[in-house]
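Here the structure is laid out as structure tokens; the discussion comes afterwards.
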Amino acid sequence: MIFTQLVKALCLCSLLLVPFTVGQNTSEHEFNKRRTLSIGIIIFDGFEPIEVWGPLEYLTSPTKLSAFYKMTLSIISYQKGPVKGTVSARLQPHLGGDFGSTLGAETAVTHTFADAPALDVILIPGGTGVINATLSNRTEIEEFLIRRADQAEYILGLSFGVTHLARSGLLNSKRATTNKSGYQWIVNYGPEVNWVPQARWVVDGKFWTASGMMASLDMTYAWLSHVYGAEGPVNQQTNSIEYAPHLDSSWDPYAVVFNVPGANASRPSQDCVGPIGR
């Protein structure tokens, strides 16, 4: 009984000590609430579904943030038409699995890299398709990011998707993190990036980078709170989908799980989360 109460108290203290807000004030929140935000999500065969549909859950589920704040959405890829969340069979030798039997829902592309509209926000998910494009030396995504980086206000790289940002050179001299299961492979493509080996997500200017899959939802909550403020629709939507985000961006036990060089194994592997605003 005493132990349980102590754990709860420690959890509460840790949440109160978390430096959560990221350089945004009330006037900026109000400005963002009044304008239309143009969001572009890049997809490809083998994209990671949770890193696309997780953030979209905030925008398109029954209580949709897009019902409160004006937004437009573009789904961008190499060509228009359906894109599958499955990977090419060409990766079978690399990953050691039978990818001819994998499942993957199709997602419709609305724009190509050539005709995408002006974008305020660009989101790049991960997935085994990133490995496919990288090993095939395809550079269309990197070229698109380079062309659009100056105009975009926010560029969100999720998990293996950070590889594309690293390859583009846009992260050079910037702090970033990425998926810990593939960390040592990914960082090779960004030798001039200031990689943070132990972080749930990292913010450096307009660039927001997240660790593995579920960390993308934590960063999405942090980013939406940064743009619009947490109080009101953002917190309401978070509770509506019954998601309890991690608020401490430095909490990252998976860096230890996957033996990432520089990870601190003495840091707590447990983090206390609960309904937002409760």
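Of LYS180/LYS206; LYS33/LYS206; LYS70/LYS206; LYS80/LYS180, which ones are farther than 25 Å apart at the Cα? Before the final figure, lay out the partial values.
Details: LYS180/LYS206 22 Å; LYS33/LYS206 19 Å; LYS70/LYS206 20 Å; LYS80/LYS180 32 Å.
Beyond 25 Å: LYS80/LYS180.
Its residue count N sets the reference 2.2 N^0.38 Å, and the alpha-carbon radius of gyration of segment 219-278 equals 1.34 times that reference. Label-to-label distance, ILE146 versus TRP185, with points set 7 angstrom from Cα along the beta-carbon direction: 2.4 nm.
So if each residue of separation counts as 0.36 nm, and I subtract the Cα-Cα distance between SER173 and SER27, what length gain in nm does that give?
Stretched out fully, the SER173 to SER27 stretch lengthens by 49.5 nm.
Using R0 = 45 Å, the C-beta based FRET efficiency linking SER266 and ALA114 works out to 0.35. Dividing the convex hull volume of the alpha-carbon atoms in segment 138-203 by its residue count gives 79 Å³ per residue.
Dimensions of segment 173-268 based on its C-alpha atoms, expressed as ranges along the principal axes with the largest first, amount to 40, 28, 19 Å.
Values in this text are rule-based calculations from the coordinates and carry no lab data. Quantities reported herein were computed from a predicted structural model and do not represent experimental measurements. In this analysis, Cβ positions are derived from the backbone assuming ideal geometry, glycine residues included, and neighbour counts consider all displayed protein chains.
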